[in-house]
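Reviewing the structure listed below.
The values are calculated or read from the model by the stated rules, or taken from the named source; none is laboratory data. This structure is a prediction, so every number in the text was calculated from the model and none was measured. Methodologically, a virtual Cβ is constructed for each residue, glycine included, from the backbone with ideal geometry; neighbour enumeration extends over all protein chains shown. Accessible surface areas use protein heavy atoms only, side chains included; no ligands, DNA or RNA. Shrake-Rupley method; radii C 1.70, N 1.55, O 1.52, S 1.80 Å.
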Amino acid sequence: MGTTFRKGFLFCLFLFICLFHVFPSAKAEAAGPRTQQLPGRVLDWVMDDQNGYIYALTEKGMLLFIEASTLSIKKQEPVSLRAYSALWRKYAQRSVTLLLRDGKLYVPSETSIDVFDVKTKRLIQRAPYNGLPFGLLGNKIVTFGKQYGRGKTTYEMYMWDLAAKRQTSRLIADPNFFSVFSEENTLFFDEKRGLAFIGRNVSIPDLAVLRLSDLKVVKRVSYQGPRGSAPIHPLIVDGSDVFFAGRRIDAGNINMVHDCYNGPVLDVQGAYVVTNKAVYDRYTSAKINALPFPTNYALMDAKYNLYLIKEGENRIYKYPLPADESYYVRSSHYAFTNVPISHLAYDSSTGWLYVLSAEDSKLFVIRASDMKMVKEIHPGPQPTDVKIDGGKVYVALSGATKMAIYDAKTMRFLGTVPLIAAPRSLAIGDGKIFFTDNSRTLTGSIAVYDMKTKKQWRIPKVFINPLIGYDEKQNVLYVGQEGTSDHDLYAVRLSDWHVSQLLSFPGGDDAFFMNGGEIFYGKARINPAQPGALVAAEFPEPLRAASRQYIITSRAIYNRATGTKIADLSSEALLATAGDDGMIFTYRKVATNHYLIKQKLSQ
């Protein structure tokens, strides 16, 4: 019996030791991401969902076959990358592109493109290569190049036939091709449309469309930004969308921008868009979650696992897609949001406060009585302005060429209106919607949408970052300018679209809005009905909002009738809105916290 007891005791002790060692490691893995050290800095990588692998090319000239489930490196294959390493260091961005198609991996080296069979992981062909960006067109590897001779430069398209193993070329006669050709191009050949998309990575990146039938440049668009100088701009074509320069662009018309993100798009997987800082919903523009750290290397697999490389560490991390964050916390007198706010509007007839976050592409509808959020809406990319008119709510989407419309009582979505330019601010009157087009560098125009005829046109004058307001009594559109040393005020007579300058005074803060027939511009209160004394008053602080009773500046609340100060604000108001029911709402940022504060002064 003693022997049996001892055996049983030893077995239980053995089992306890095993459990002690197994469970802590499992807990540790669940607590953090799976990770793997890489043998060098990665130039480019690509996901193979079908076979469950990631293929990565390092600066040291090593092709890595990484098992996605475990992140273990199953094979390393050396390639020559001397020229590409120098090019990559020179431009500080990816000049090397790995391509995966139909079970084959295309890897550019110094003088050739190595073609691997991904199932066997073996090299099956080597194609000659001129060292410039390449793409795939059917069974051909395609690059562009230039030739010098007889005092002029010509451009050609080179095609290596993988089946015949021979190269042919076509002359590009279009004289406009020189403006889109670059050693930092990213290419995608769309066989169905018969087009080549050519992205150029410069400080102001541009995208061109080359028609393959006659090699003509049919379109070229420059995109301002995004965010920083010479960022990485991968070119991704997925379905009817082109992702480039931090934007979701219509593949059928690259002038049409559907979405704009706060950084370059690194990968697209179904309904998800992965940028260098966050994951977004592709169709609602909602920010799903921020990445654990900023990166220039991100992939997502078909199961929505994120693979990120932390640069400087040469380490890959694997994360499951995080759940949606809570964006909003409330109380009866103030609201706290963890997203920055870009615009406020208040409708006293419904008692609803409209709060826009352009950065997170959100519209919060808040009930003013208890500051409870009624709805959280994703109207589209970068909403920047809200106007309420005729029982409808109009939302300007500056990250796209459209505006969204909702029912003012129910906030039911009524649809979108395609516009000729990306709108930043709105003004409504005389059966028309006026919107500013600030897509040009430093300058901008004002466009008009006729709600009855559905026609659109631009007012024939260019302004500097225009700000607009409509006066119903005068039937005049007033225009201010943002970011200028002087504040110039213009009037646009709608009967004949005549533009006249009313005044100019020293600039500063760029606030511009209308209320009760008066214009509030910078620190000035302007009465356009009094030509002899346009500036009725000037305030010591920048103006933020006005109602029938009050004028709100960044630091105080004033009586509108007398101009006397009623109360100081406890902190600077970055934004404000007010209603004729006496409600005042201010947006303030204290440290890293964002607050909406509701006030109703005692009479």
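When the listed pairs 287/523; 387/589; 375/589; 140/216 are checked against a 29 Å cut-off, the alpha-carbon distance exceeds it for 287/523. When peptides 149-155, 523-529, 367-373 are sorted by average Cβ neighbour count within 10 Å, with the highest value leading, the order is 523-529, 367-373, 149-155. Residues of segment 287-302 falling in the label zone of residue 50, defined by backbone nitrogen less than 16 Å from a point 7 Å along Cα to beta-carbon, are 302.
Tell me, what is the FRET efficiency for residue 255 and residue 455 to the nearest 0.05, using R0 = 25 angstrom and their Cβ-Cβ distance as r?
The calculated FRET efficiency here is 0.85.
Sort out for me the Cα centre separation of segment 291-316 from segment 402-437, rounded to whole Å. Computed from Cα coordinates, the inter-centre distance equals 38 Å. Sequentially through segment 573-583, phi angles give Karplus couplings (6.51, -1.76, 1.60; θ = phi - 60°) of 8, 6, 9, 7, 8, 8, x, 6, 7, x, 7 Hz, Gly and Pro residues having no value and appearing as x. For the peptides 578-589, 40-51, residues were scored by their other Cβ atoms within 10 Å and the scores averaged per peptide; the highest-first order is 578-589, 40-51.
Once amide H atoms are placed 1.01 Å from N in the peptide plane, what residues at a sequence separation of 5 or more from residue 256, or on another chain, have their amide H within under 5 Å of its amide H? For residue 256, whose amide H was placed from the backbone, the distant partners under 5 Å are 250.
Less than 5 angstrom separates the built amide H of residue 569 from those of 556, 557, all sequence-distant by 5 or more or on a different chain. Between amide H atoms placed 1.01 Å from N, distances below 5 Å from residue 385 occur with 396, all of them 5 or more places distant or on a separate chain.
On full extension of the chain, what length is gained from residue 548 through residue 495, given 0.36 nm per residue of separation minus the C-alpha to C-alpha distance?
Once the chain is fully extended between residue 548 and residue 495, it gains 16.2 nm.
Ligands, DNA and RNA excluded, the heavy atoms of residue 504 present near 70 Å² of accessible surface to a 1.4 Å solvent probe.
Couplings 3J(HN,Hα) of segment 538-552, computed from phi: 10, 10, x, 10, x, 6, 10, 6, 8, 9, 4, 9, 10, 10, 10 Hz, in residue order, whole Hz [Karplus 6.51 cos²θ - 1.76 cosθ + 1.60, θ = phi - 60°; x for Gly and Pro]. Restricting the calculation to alpha carbons of segment 129-227 gives Rg and Dmax of 13.7, 45 angstrom.
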